[in-house]
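Only one structure is covered here, and it is reproduced in the block below.
The values are calculated or read from the model by the stated rules, or taken from the named source; none is laboratory data. Predicted model, so just to flag it, every value in this text is computed and none were measured. Heads up, the Cβs are rebuilt from the backbone with ideal geometry, glycines too, and the neighbour counts pull from every protein chain shown. SASA here: full protein model, heavy atoms, side chains in, ligands and nucleic acids out. Shrake-Rupley method; radii C 1.70, N 1.55, O 1.52, S 1.80 Å.
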Amino acid sequence: MIIHNDKLVLTSNGNRPSYHEITDEVRRIVKESHVKNGIVVVSTPHTTCSVFFEEYSHDRNYNGDEYLQVDLDNVLEAIVPTTKSDRQYYHPGPEHTKFAEDISKTDTATEGTIMVPNRHSLLNTDAHIRGSLLGSSETFIIQNGIIQIGKVGYVYFVDWDHTRSRNRQCLVEVLGE
Amino acid sequence: MIIHNDKLVLTSNGNRPSYHEITDEVRRIVKESHVKNGIVVVSTPHTTCSVFFEEYSHDRNYNGDEYLQVDLDNVLEAIVPTTKSDRQYYHPGPEHTKFAEDISKTDTATEGTIMVPNRHSLLNTDAHIRGSLLGSSETFIIQNGIIQIGKVGYVYFVDWDHTRSRNRQCLVEVLGE
Amino acid sequence: MIIHNDKLVLTSNGNRPSYHEITDEVRRIVKESHVKNGIVVVSTPHTTCSVFFEEYSHDRNYNGDEYLQVDLDNVLEAIVPTTKSDRQYYHPGPEHTKFAEDISKTDTATEGTIMVPNRHSLLNTDAHIRGSLLGSSETFIIQNGIIQIGKVGYVYFVDWDHTRSRNRQCLVEVLGE
């Protein structure tokens, strides 16, 4: 049995959802694992990020986002609008805001996973809800050393949080033999 | 190879979605498994429940629900409204209603998974659709005995069914070495 | 350790989402694997398909779709409307359209995974977005040789693409011991 762990570090743009097409990196990690049959789990440890499976859309808008990403953003914007101000959503409430401020004072090794005192960065409720809807991981099947995602399937990591630029981790575990 | 199975039994409130924050229990089961590297799958055998990954929101409303849960409920209510009466959704139809009534007469060992004759309990179509949208399981990566969910990541089990209080099962399997 | 791979081939109807209830087939594959404890991953290699867990709804509409499927279709139609024409969504753009036309000329062994020159078949953006929302795989727990989906839980494979009839693959991997 082989269990092979790796991770990618991906930088978010800080003003809109940040999509990263990571198919080649996942293929490389599968190859380095020497797993011939098994699974590869792609996962985020951050609650405002998701992993999903989609086609590559070729065309890009002004910002460099693929058209299918723009379409997904528009669908989600209609049901989970971008947070513009406090009280638009219930979260963050006063206790959570205090928690975020306190933790930022005492913990300096955040690795991008803990909130910072910038109050604007707490206005990411939409990113939390979108992360719950899209899910925090995806599991793919490996056969004969090949990840089974077809010829036009791609793996994406997305940071829904539009409030700040930072490095995010994408975890990849290959499990099999 | 270690495969370690356990389960949690969680009681639903019977009048709104029931959220259970189960992070400590999942950590305990991972520890008891002695798996150092691998995965932990958290899964529901019930079609009106989901497992998802989210931040802990600290503030709670009148009912005791965390603010992010209230926000998620509001988003879902807008797209999958709570069932108030028959014919609001196609489901349940007459055949399904008859099935539910028949099975409740013949099967006494339901373990909370099979419908009861109370007709109101069949008005849970929204819970079924929400369960499909959020998904029935989540897979987390374990490295060095630690579930990789960051410092502010939490695991939630939710019963979307608002029609009755009952015990629900949350299955946890740890797989690795 | 046992890793057992199999696949199902499912034919899409070509005019609306195609749902396939595959619970018995998944149970058969689990049995044939001889895995007593572990997981079964059900996955699509196609980006316009999903795997999900739901109750069997008994009643069916005019088209033969189960009522819960009709309800799910209606919920999704409201947030991700069926594509009727180009420019309804950003995707497909001119580069993607050219890619689809080029690949269809050079690749004859598509196995149903690559686009064909019929321009109508590119109007499936809704299917891509729905696939992202519902997810490309589901992982179920196996204990004592039994897939843990309760007495009324069923596994569904759905092709969201309404533009053409074709064969789709559903991959099933059983992993455990």
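One table, with the values for the structure above:
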item	result
For the range C:1-120: lysine pairs under 29 Å (alpha-carbon distance), excluding those fewer than 8 apart on one chain	5
For chain C, built as a Gaussian network whose Cα springs stay under 10 Å, the top-fluctuating residue of C:V41, C:V152, C:V26	C:V152
Nearest 10 degrees, 0 to 90: helix B:23-33 Cα axis against chain B principal axis	60 degrees
Quotient of C-alpha Rg and 2.2 N^0.38 Å, computed over the protein assembly as shown	0.92
Size of the B/A contact, given as accessible area buried on both chains, probe 1.4 Å, in Å²	3200 Å²
Percent breakdown of C-alpha pair distances by 10 Å bin, ordered from the shortest bin, for chain C	9, 34, 32, 18, 6, 0
Helix axis angle, A:125-134 relative to chain A longest principal axis, alpha carbon, degrees	20 degrees
Principal-axis tilt of helix C:94-106 within chain C, Cα atoms, nearest 10 degrees	70 degrees
Inter-copy separations for A:Y62, label at 7 Å along Cα-Cβ, nm, ascending	4.4, 4.4
For residues of B:85-96, the mean tally of beta carbons on other chains within 10 Å	5
Cα centre as origin, Lys/Arg/Asp/Glu Cβ charges: chain C dipole, Debye	240 debye
Extreme residue, positive dipole direction of the protein assembly as shown, given options B:G64, A:V155, A:S165 (C-beta unit charges)	A:V155
For the range B:1-67: accessible area per residue (Å², 1.4 Å)	40 Å²
Radius, Kirkwood style, for the range B:52-107 when every pair of distinct Cα atoms is counted (Å)	14.4 Å
Per-residue mean of C-beta atoms belonging to partner chains within 10 Å, peptide C:142-149	3
For the range B:119-177, fraction of C-alpha pairs farther apart than 14 Å, in %	67 percent
The range C:1-101 - percent of accessible surface contributed by carbon and sulfur, probe 1.4 Å	47 percent
Pseudo-label separations to other copies for B:H34 - Cα-to-Cβ vector, 7 Å, nm	2.6, 2.6
Position C:Q143, label points 7 Å along Cα→Cβ, spacing to each other copy in nm (shortest first, one decimal)	3.0, 3.0
Under 12 Å, Cβ to Cβ, from A:G135 - net charge with Lys/Arg +1 and Asp/Glu -1	-3
Exercise: per-residue mean of other protein chain Cβ atoms within 10 Å, C:119-131	2
